[in-house]
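Peer 1: So that we are looking at the same thing, I have put the structure below in structure tokens.
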């Protein structure tokens with residue numbers, strides 16, 4: 001990513017949905033200047049404690065007036081949360097993505113690059129109306145419904161094609177790489193490490209007991225004994241892409 005979008009000395013990079021700040025810290029280590037936005041006040045506070053420039057701001061509302069121009073933009077994992085199931089059902093998904101790309105284009109110079117990493121629905125995705133938590137366990141419909149409980153409020157792009165189409169006319173695609181197999185291994189490592197016993201994790205789990213007792217959705221999401229997104233990646237109901245876009249030159253005259 002550093003080579004593809006030019007993370008280096010003097011470069012100003014915008015991180016949309018910066019999380020706990022790992023990319024911003026990397027930009028700083030390379031001599032660049034990173035600016036991050038997040039919807040989480042806890043993330044923003046943690047980033048600021050580490051001297052990172054982070055703002056509590058919806059990534060979909062960033063503009064040149066907000067933070068000025070940037071040399072490049074990146075977004076790792078936030079794009080999959082920019083459209084809700086309600087937005088999708090209302091037919092707003094394409095419009096949301098097109099507006100976002102227009103805003104990103106507005107902060108970049110001609111030929112400026114945008115690195116996007118996101119989950120998408122894969123080639124074996126089933127029709128949305130078939131997704132049902134009451135479907136037979138181990139069915140595609142059940143796993144997708146369980147994933148919706150584990151990651152509420154999110155509706156994914158329909159393949160990389162929807163993203164690429166939405167980027168026009170502001171951006172052209174430079175490269176596309178599927179990270180589906182990488183993500184499957186990442187999930188395996190997460191599960192292995194989460195399962196390793198420790199006193200600290202036991203105490204944290206005890207703090208969640210009141211929520212577990214009062215929320216049926218919470219119990220379903222976290223005591224089902226399966227990794228819904230892991231299974232969905234294996235079945236190619238989901239895919240995962242690293243996309244690099246380049247802003248098209250401005251037309252004049």
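The values are calculated or read from the model by the stated rules, or taken from the named source; none is laboratory data. Values in this document were obtained by computation on a predicted structure and should not be read as measured data. As a convention, Cβ positions derive from the backbone with ideal geometry for all residues, glycine included, and neighbour counts pool all protein chains shown.
Peer 1: Condition first: in contact with a helix residue (DSSP H, G or I) (Cβ under 7 Å, 6 or more places away or on another chain) and part of a helix (DSSP H, G or I). Can you find one or more residues in segment 76-86 that meet it?
Peer 2: Checked segment 76-86: no residue is in contact with a helix residue (DSSP H, G or I) (Cβ under 7 Å, 6 or more places away or on another chain) and part of a helix (DSSP H, G or I).
Peer 1: Part of a helix (DSSP H, G or I), at pLDDT below 95 and in contact with a helix residue (DSSP H, G or I) (Cβ under 8 Å, 6 or more places away or on another chain), is that true of residue 193? Break it down stepwise before answering.
Peer 2: Working: part of a helix (DSSP H, G or I): yes; at pLDDT below 95: yes; in contact with a helix residue (DSSP H, G or I) (Cβ under 8 Å, 6 or more places away or on another chain): no.
Considered against the rule, which asks whether it is part of a helix (DSSP H, G or I), at pLDDT below 95 and in contact with a helix residue (DSSP H, G or I) (Cβ under 8 Å, 6 or more places away or on another chain), residue 193 comes out as no.
Peer 1: When the residues of segment 131-153 are filtered to those that are surrounded by 13 or more Cβ atoms within 10 Å (Cβ to Cβ) and either without any contact (Cβ under 8 Å) to a residue 40 or more places away in the chain or within 18 Å of residue 91 (Cα to Cα) (or both), which remaining residue is farthest from the chain's Cα centre (by Cα)?
Peer 2: 135
Peer 1: Moving on to the next point. Checking residue 223 against (1) exposed (fewer than 12 other Cβ atoms within 10 Å of the Cβ); (2) at pLDDT 90 or above, which single condition isn't satisfied?
Peer 2: (2)
Peer 1: Still on this model: Scanning segment 236-253 for residues that are farther than 27 Å from residue 187 by Cα and assigned to a loop (DSSP other than H, G, I, E, B), which turns out modelled with the highest pLDDT?
Peer 2: Top of the filtered list is 248.
Peer 1: When segment 164-185 is examined, which residues are found to be exposed (fewer than 14 other Cβ atoms within 10 Å of the Cβ), over 24 Å from residue 96 (Cα atoms) and under 16 Å from the mean Cα position of the chain (by Cα)?
Peer 2: Result: 182, single match.
Peer 1: Something else now. Working only within segment 132-153, note down all residues that are within 20 Å of residue 180 (Cβ to Cβ) and assigned to a loop (DSSP other than H, G, I, E, B).
Peer 2: The initial filter retains those residues of segment 132-153 that are within 20 Å of residue 180 (Cβ to Cβ), namely 140, 143-144, 146-148, 150-151.
Across segment 132-153, the qualifying residue is only 151.
Peer 1: If residue 156 meets every condition in (1) closer than 18 Å to residue 236 by Cβ; (2) part of a helix (DSSP H, G or I); (3) touching a residue at least 24 places away in the same chain (Cβ under 8 Å) apart from one, which number is that one?
Peer 2: All conditions are met except number (2).
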